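Comments concern the structure below.
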Amino acid sequence: MIEYSRHILSNGLRVILHKDTTTPLIALNVLYDVGSADEDPEHTGFAHLFEHLMFGGSENVKDFDVPIQEAGGENNAFTNCDMTNFFDILPAENIETAFWLESDRMRKLNFSQKNLTTQQKVVIEEFKETSLNEPYGDMWHIMSDLAYGHHPYSWPTIGKEINHIADATLQQVKDFFYKYYRPKNAVLSLCGNFEEDEMLSLIRKWFEDIEPGEAYPKDWQVQYIPPVSKTKRVEADVPADALYMAFNMPGRLHPDYYTYDLLSDILSEGRSSRLYSELLKEKQLFASVDAYISGTNDPGLFIIEGKLMDDVGLEQATEEVWQILENIKTKGVGNRELDKVKHKTESNIALSELSVLNKAISLGYYELLGEIELINTESDYYNEVTTEDIQRVAKTLFDREKYIQLEYKKKSSDRD
């Protein structure tokens, strides 16, 4: 049981505190309720750009990394379609350094054209490296657009196109910051060896006088994959033909979320999983294969992907995958098979709770979802999933008339 206390400062900043006396460290996590889904469709990539800008200096701090490192700590960040997350971990006696740094960049960034230009170049190079020059790198650009229509999940976190980043103006960046990176739109979670009253006093000292801003509701509507399947084939400079299949699934707080997650593990977790044992080990049709869920707050995608062996056609590979899916729909799975993936999931959750940083991140995320007690109950939800639940979800999920298939085919010149 992870015990925590929840507080709300006068400016709306949510604060979650968890004391862990087993460590000399403290992890500070600051989560902003802004991701790529909050962007203007004509100005995408801003949330990810801000992940970089937030390390480029703030009003009173020229460099974020150096003070953290001098305090014996480290820091990093990540962005997805639903949120932007920053974290610091350092010795308990130096935690005020992190409060100073995080509060200063929450208050006001170093809004200079030089800093913006520098980070634009960094992000543009990342865009080129991961999305344009990497084999299959544009998969999420294509798949998101096919799957989501007008919903803001229809572009990837890095942005829809390079020009949206390159053309960003200093005023647009300022407007985006003051709209979303405000206390009312943030969660601060702190985990480690500390006295709660002392930490709460320090948090109030550093954060409570920051202008609160506004909290923005997520009022968009999901456009589901239509009840007619779509297939798109892309001829590209890739090392092997590849297959991606996407099916609709509910959002993060849906009761069946845990069933979908375990179903993806049954298909691809470990060497005894359905897809691996049949398509790689036994039939040797795929060089790699995987199944996973997007895990988005709004309804998302259940993805199956695989890289084919050279002598295997995309049509054959598709049918082989469908045979496995239809088998689960008609025959279900056994208790032993389900228990195996449950135990693996339970072990992963238990291991994550040993990390003070993981706990800080999880507490912030669950607070964002409005279900902070998931920090203690999520294992129970996984354990409650039955074989009947797996089969029921599979029957609804794996519908040949309602899914998207993206195929990559090697360019003809690459073939023998």
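So here's what we get for this one:
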item	result
Residues of segment 298-321 classified as more than 20 Å from GLY137 (Cβ to Cβ) and buried (at least 22 other Cβ atoms within 10 Å of the Cβ), total	4
Odd one out for GLN223, checked against (1) closer than 30 Å to ASP138 by Cα; (2) in contact with a Lys or Arg (Cβ under 8 Å, 6 or more places away or on another chain); (3) at pLDDT below 95	(2)
Tabulated pairs, segment 95-121, first assigned by TED's automatic domain parsing to the domain that holds GLY72 and assigned to a helix (DSSP H, G or I), second of a type in the set (Gly, Ala, Ser) and modelled with pLDDT under 95, C-beta under 6 angstrom, 6+ apart or interchain	ASP104/SER58; ARG105/SER58; ASN115/GLY56; GLN119/GLY56
Some residue of segment 372-387 being over 30 Å from VAL30 (Cβ atoms) and among the charged types (D, E, K, R)	yes
Selection from segment 168-186 of residues that are touching a residue at least 60 places away in the same chain (Cβ under 8 Å) and either more than 18 Å from PRO212 (Cβ to Cβ) or not assigned by TED's automatic domain parsing to the domain that holds PHE127 (or both)	ALA168, GLN172, VAL173
Single residue of segment 297-342 satisfying the filter (modelled with pLDDT under 95 and not in a strand (DSSP E or B)) that is nearest to GLN391 (Cα to Cα)	PRO299
Pair list, Cβ under 8 Å, 6 or more apart: segment 393-410 residue without any contact (Cβ under 8 Å) to a residue 12 or more places away in the chain, other residue part of a strand (DSSP E or B) and crowded, with 21+ Cβ neighbours inside 10 Å	none
Wholly enclosed helices (runs of 4 or more DSSP H) of segment 150-207 bearing at least 2 residues under 25 Å from the mean Cα position of the chain (by Cα) and closer than 26 Å to LEU116 by Cα	162-166, 170-180
Long-range neighbours under 7 Å by Cβ, at least six apart or interchain, first residue assigned by TED's automatic domain parsing to the domain that holds PHE177 within segment 205-225, second at pLDDT below 65 and of a type in the set (S, T, N, Q)	none
Residues that are closer than 22 Å to PHE87 by Cβ, among the charged types (D, E, K, R) and either assigned to a helix (DSSP H, G or I) or without any contact (Cβ under 8 Å) to a residue 12 or more places away in the chain (or both), drawn from segment 362-388	GLU367, GLU373, GLU378
Residue check, PHE247 part of a helix (DSSP H, G or I), surrounded by 14 or more Cβ atoms within 10 Å (Cβ to Cβ), in contact with a Lys or Arg (Cβ under 9 Å, 6 or more places away or on another chain) and in contact (Cβ under 8 Å) with a residue 24 or more places away in the chain	no
Residue among LYS62, LYS19, LYS108 that alone is surrounded by fewer than 21 Cβ atoms within 10 Å (Cβ to Cβ), basic (Lys, Arg) and at pLDDT 95 or above	LYS19
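The values are calculated or read from the model by the stated rules, or taken from the named source; none is laboratory data. Please read these numbers as outputs of a predicted model, since none were measured by experiment. Every residue, glycine among them, receives a Cβ derived from its backbone with ideal geometry; neighbour counts consider all protein chains shown.
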